[in-house]
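A short write-up of the structure that comes next.
Values quoted throughout were computed directly from the atomic coordinates according to the rules given, and no laboratory measurement underlies them. In this text the structure is predicted, and so the values were computed from the model without any measurement. Backbone-built Cβ (ideal geometry, glycine too); neighbour counts: all protein chains shown.
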Amino acid sequence: MDFFVESLPIYLNGAWYTLLITVGGCALAFVISMVVGVVGTLRNVLARVVALAYVEVFRGVAALVLMFWLFYALPLLTGYRLEPVLAAILALGLNVGAYGAENVRGAINAVPRGQYEAGIALNFEPVQRMRLVILPQAWAQMLPTFGNLIIELMKGSAVVSLIAVSDLTFVAQQMRTFSGQTLLAFLGALVMYFVIAQVFQFLMRLAERRANRRLGRDLDKPLFRRAASATGGTSKGGEP
Amino acid sequence: MPQSDDNNSAEVPKAREAEEQPLVRFENVVKRYGDNVVLDELDFNVLPGQRVTLIGPSGSGKTTILRLLMTLEQVDDGVIWVDGDPLSHMYRNGALVRASQKHQRGVRKKIGMVFQQLNLFPNMTVRRNITEAPVHTLGMSRDEADERAAELLEMVGLADRIDEHPTRLSGGQQQRVAIARALAMRPEILLLDEVTSALDPELVAGVLDVLREIARTTDITMLAVTHEMGFAKDVSHRVLMFDRGQIVEDGPPERIFSEPREERTKSFLHAVLEAG
């Protein structure tokens, strides 16, 4: 027990870096997913080829190797050295963004054709149609996979320990070296990763429910199980 | 109008002159899906204010006509004109070339459509379903669009459901909202594509009543594909019988329904009335 009490601040510090890289990586991956994913659904062939090329290249490259390349090789080419945290965020964001783009593209294509046609019949411009009609409906479909990708990215962030960023994994290895308590040192990291994953999972579930309610699904289910009366205000409960 | 003698005999609202410019004109329109010719050099006109019902066996090209007019599909040959402007094409250096998307947007704003599959936007309330397009594409203010939405919902009998989610409405109610949504754009031409076919039988009457009311109180031009022959009889000025991508018979509903001249019309009507 003493081990955990004494080492908690160190683990928390490691968790901070893990979180930082996860959040940064997710932000980058999200932007890439949306842009590349939407471009992948355009009618313009060139646009689609560019999107496809991005996905194939960055999905096929190991995040770890990409990070090494950004951190060790890029300075040789450009003379600039990236901060290790930044190199990690870039590598993870670029890699996971490729998966995310496929998710976005698939979700957009899954919106029923009739919705596009109704958008044409109401004379929306293509950008308005995407923004007002298609993306809000595709959003609910994207979220579950985005949730998984966030967790994947969070666990993948462990690779930064290899370029000496003191994230959770790095901290666990150091604790093991200094204390000799192999079991406990890695148990601490396991627990911390699990807790962080739970937090992300909870937030994503909430976002999924909200997205479904906006599409008129599950209106009778409360957003939070216990606060049913507080959030049930949108539904009048009248049978159609 | 070469293909039929009674094209002009169709009853048109009295204030209108027979020689006025057609609002819709199909000129030798051809539409193919692969080897399947859906519309075969189709020629016909619709005058302003005319309400036209398209009937015929499935696969005869009726729905394709509406989809071409709404620019959901593009012609393979021929030209579609709307109010004197080409819809499928545009002028460039005096010659007709394929229309750009932008050109089509400019012309099709005169056209509204209601679909068999309802197609309300599930991510919006009833109000936003109706107001979003006028606000974003016509530049209407929110207040004005809200006011118009309230009026239209009143007309379709759903004034109290304005802030409801479409998923909370029955199919018939959703279709009435879809009609209000199309009218909110103040189209000159309303396309109705089998708007009651996907509804439970007991919900059909409510939707047809709304359409009868629109026919009675407005002079909007309608092109309707329907299997509701009673409705076609009540509302339309003119019935076009299609078969294999061609107009087989063209005339006022009283004549077509009571004394069809063509064998194909007779057998089609017989089959439909049997089923109904």
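Other chains near A:113-119: what is the mean number of their Cβ atoms within 10 Å of each residue's Cβ?
Mean number of neighbouring Cβ atoms from other chains: 6.
Under the classification rounded if a/c is under 1.5, otherwise prolate if a/b is larger than b/c and oblate if not, where does chain A fall, given a ≥ b ≥ c as square roots of the Cα gyration tensor eigenvalues?
oblate
Dipole magnitude of the stretch B:119-186 about its Cα centre, charges +1 at Lys/Arg Cβ and -1 at Asp/Glu Cβ only, in debye to the nearest 20?
Computed about the Cα centre, the dipole is about 280 debye.
In what order do B:Leu199, B:Leu96 fall by count of nearby beta-carbon atoms within 10 Å, going from fewest to most? All intermediate terms of the calculation are to be shown ahead of the outcome.
Working: B:Leu199 20, B:Leu96 12.
Fewest-to-most ranking of B:Leu199, B:Leu96: B:Leu96, B:Leu199.
Which percentage, to the nearest 5, of the DSSP beta bridges contained in chain B is antiparallel?
Taking every DSSP beta bridge within chain B, about 60 percent pair in antiparallel fashion.
When you have a sec, figure out the Kirkwood radius of the stretch A:4-73 from all distinct Cα pair distances and drop it here in Å to one decimal?
Mean inverse Cα-Cα distance, inverted, gives 14.8 Å.
Which percentage, to the nearest 5, of the DSSP beta bridges contained in the protein assembly as shown is antiparallel?
Values: 23 of 40 bridges.
Just about 60 percent of them are antiparallel.
For the stretch A:140-178 and the stretch B:254-276, what is the centre-to-centre distance using only Cα atoms, to the nearest Å?
72
Would you mind giving the mean number of other chain beta-carbons within 10 Å of the Cβ of each residue in B:187-193, as a whole number?
Working: counts 2, 0, 0, 0, 1, 0, 2.
Going residue by residue through B:187-193 and averaging, the value is 1.
Bin width 5 Å, alpha-carbon pairs only: give the P(r) of chain B as whole percents, running from 0 to the bin holding the largest distance.
1, 6, 12, 16, 18, 17, 14, 9, 5, 2, 0
Amide H neighbours of B:Glu41 under 5 Å, at least 5 residues apart or on other chains, H built in the peptide plane: list them.
When sequence neighbours closer than 5 places are left aside, the close amide H contacts are B:Val30, B:Lys31.
Once Lys and Arg get +1 and Asp and Glu get -1 on their Cβ, which of B:Ile179, A:Trp139, A:Phe194 lies farthest toward the positive end of the dipole of the protein assembly as shown?
A:Phe194
Based on other C-beta atoms within 10 Å, arrange B:Arg67, B:Arg238, B:Arg216 from fewest to most.
So the ranking, lowest neighbour count to highest, is B:Arg216, B:Arg67, B:Arg238.
Based on the alpha-carbon set only, what is the convex hull volume of the stretch B:119-186 divided per residue, in Å³?
Measuring per residue, one finds 73 Å³ for the Cα hull of the stretch B:119-186.
Subtract the Cα-Cα distance of A:Val45 and A:Asn148 from 0.36 nm times their separation in residues, and report this length gain in nm to one decimal.
Values: separation 103, 0.36 × 103 = 37.08 nm, distance 3.02 nm.
Answer, rounded to one decimal: 34.1 nm.
No solvent, one uniform scatterer per C-alpha: report log10 I(q)/I(0) for the protein assembly as shown via the Debye equation at q = 0.08, 0.09 1/Å, two decimals.
At q = 0.08, 0.09 Å⁻¹ the computed log10 ratios are -0.66, -0.78.
For every helix of n ≥ 4 consecutive DSSP H residues, a contribution of -39,500 (n - 2.57) applies; sum these over chain A, divide by its total residues, and give [θ] at 222 nm rounded to the nearest 500 deg cm²/dmol.
Calculated at 222 nm, the ellipticity per residue is -24000 deg cm²/dmol.
Per-residue Cβ counts within 10 Å, from other chains only, averaged over B:100-110: what number is that?
Other-chain Cβ atoms within 10 Å of each residue's Cβ, averaged: 2.
Give me the log10 of I(q) over I(0) for the stretch A:73-160 at q = 0.10, 0.14, 0.23 Å⁻¹, as the Debye formula computes it from C-alpha points; what are the numbers?
Values, matching the q order: -0.42, -0.65, -1.05.
If packing is taken as the average number of other Cβ atoms within 10 Å across a peptide's residues, how do A:183-194, A:101-112, A:3-14 rank, most packed first?
Peptide ranking by packing, descending: A:101-112, A:183-194, A:3-14.
How big is the stretch B:132-224 in terms of Cα radius of gyration and Dmax, in angstroms?
Rg, Dmax (Cα atoms, Å): 13.1, 38.
Binning at 10 Å from 0, report for the stretch B:56-174 what percent of all alpha-carbon pair distances ends up in each bin.
11, 33, 29, 21, 5, 0
Volume per residue, Å³, of the convex hull around the alpha-carbon atoms of the stretch A:125-200? Before the final figure, lay out each step's value.
Details: hull volume 7.8 nm³, N = 76.
It is 103 Å³ per residue.
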